[in-house]
1. Can you tell which of 334, 179, 191 lies farthest toward the positive end of the dipole of the chain, using +1 and -1 charges on the Cβ of basic and acidic side chains (Lys, Arg; Asp, Glu)?
2. Quick check: net charge around residue 192, other residues with Cβ under 12 Å of its Cβ, Lys/Arg +1 and Asp/Glu -1?
3. How much of the DSSP beta bridge set in the range 256-374 is antiparallel, as a percent to the nearest 5?
4. If the chain between residue 292 and residue 227 were fully stretched, how many nm would it gain, using 0.36 nm times the residue separation less the Cα-Cα distance?
5. Which of 395, 152 comes first, and how do the rest follow, when ranked by fewest Cβ neighbours within 10 Å?
6. Net charge within 15 Å of residue 172 by Cβ-Cβ distance, Lys/Arg positive one each and Asp/Glu negative one each, not counting residue 172 itself?
7. Pairs 81/371; 366/393; 81/336; 38/81: which are spaced more than 27 Å apart, C-alpha to C-alpha?
8. Pick out, from 253, 63, 266, the residue whose Cα sits farthest towards the positive end of the charge dipole of the chain, with +1 on the Cβ of Lys and Arg and -1 on the Cβ of Asp and Glu.
Amino acid sequence: MDDEFFDTNRLSLRRRSLIPGAGFFYPDSLDEERAEAKAQAAIEGATTVVVTDSDADGLGCVALVREAYDAALDPGPFVEKVDARLAEDGDSDDEAASVPASVDDGDTADEETAKPTENESPVALLAASPHSLDTALERVAAYGEPGIDLFVCDLCPDSYDRIAEPMTVLSERCDRIAWYDHHQWSDDVEAAVRDAGVELVIGESDEECSTDVALRSIDYAFPDRFEELAAVTRDHDLWLNEDERSADLADYAYWSGAEEYTAIVGAYGASLPEPVVDYVEHRRVEKQRLIEAAIDRAEHVDVGPWTVGVTYGRCSQNEVADALREAGTDAAVIVKPSGSASIRGSDRFEQSHLVARQVNGGGHPKAAGCKPDIYDDMLDYAHHWTTEGAAAKRVILAAFDRVADGSVAEE
């Protein structure tokens with residue numbers, strides 16, 4: 001098939017907002033091969049490995065570990081890359097062409113800015129999600145040297161069974177395993193992880209982010225910039241929105257590669273260098289247009305005692321959720337073209353995690369994610385795109401109904 005069919009940046013904004021980016025159409029088998037090779041290259045020879053979520057909070061933890069192990073990367077080459085990307089975008093007359101397709105989908109960050117081969121750290125970074133945590137740990141077990149230190153950050157396993165086998169291997173092979181998180185853990189999973197010999201520290205999900213937890217748990221006298229980095233990361237991760245720099249961190253983590261973000265915040269903290277700030281501002285022009293498109297197509301639905309704002313599209317879910325709450329909703333559901341969805345609560349609705357758990361997901365009381373198990377083939381996805389996520393909206397709202405009538409309760 002012609003490659004142009006996967007290049008969504010050539011489309012109008014409305015059409016582009018309805019379908020996933022090009023990365024969605026990349027076969028999983030080839031993607032797995034590429035991910036396996038990248039993981040092997042990163043882990044082999046490393047003295048320490050950090051398995052983490054690739055958002056600002058997870059990557060903030062990596063910056064702390066590398067600082068403590070004197071293994072931070074030189075930020076200079078990354079700043080130069082940012083400058084070059086900004087100059088290239090500025091030279092383009094085509095507004096859409098300046099926006100990489102992988103950025104707008106809401107599920108994967110642009111990893112094309114991965115670390116240069118001459119600028120590698122002995123503390124390896126392995127990005128993962130709750131759904132791929134078992135695979136990440138299996139790769140560490142397969143390629144990690146005996147005696148390494150392992151950190152797992154900003155990730156909460158849905159069950160211990162999925163990670164039991166690699167954890168058994170790693171418990172015997174690693175000198176140390178530390179796990180820093182702030183999500184809500186079930187008692188049985190927490191007990192199983194501790195029984196595996198892990199130094200598990202779980203922060204209060206409504207008071208700390210994972211970077212906070214790592215900062216207070218790692219035995220190291222961190223420079224002041226890391227205290228500030230944790231505070232600004234928390235401001236975004238807990239939806240406080242009191243420091244405008246927290247939005248810069250969140251957007252930059254999403255629009256850059258994991259290695260680039262970690263190197264920059266490790267060197268500069270929350271006060272990003274001027275080229276990075278300029279780049280983030282440049283990218284926000286298109287981001288804002290996608291946000292407005294999602295807000296315009298939102299519906300308000302009454303479920304039990306709550307009003308739920310429901311919308312669809314490639315967009316930044318946090319800003320869309322904020323706008324829907326300002327419009328009077330108690331909760332917001334943003335369904336993505338990739339099939340996943342974000343659920344955001346408020347002071348009037350603190351059961352987002354209960355809704356998400358019913359539809360193949362989980363998270364916090366006020367912020368959760370899921371991907372309904374309703375996609376059997378490409379025809380299902382075609383229906384998803386052409387109906388703006390009608391089936392996904394329906395099953396998620398049904399989950400709200402079950403929470404409202406009391407048939408789903410906190411564990």
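1. The residue sitting farthest along the positive end of the dipole is 334.
2. Values: positive: 162, 194; negative: 161, 187, 188, 190, 195.
Once positives and negatives cancel, what remains is -3.
3. Antiparallel: roughly 75 percent of the beta bridges in the range 256-374.
4. Full extension from residue 292 to residue 227 adds 20.0 nm.
5. Ranking 395, 152 by Cβ neighbours within 10 Å, fewest first, gives 395, 152.
6. -4
7. Check vs 27 Å cut-off fails for 81/371; 81/336.
8. It is 253, whose Cα lies furthest towards the positive end.
FYI, it's all coordinate maths here, none of it is from the lab. Source: prediction; values computed, not measured. Cβ: placed from backbone, ideal geometry, glycine included. Neighbour counts: every protein chain shown.
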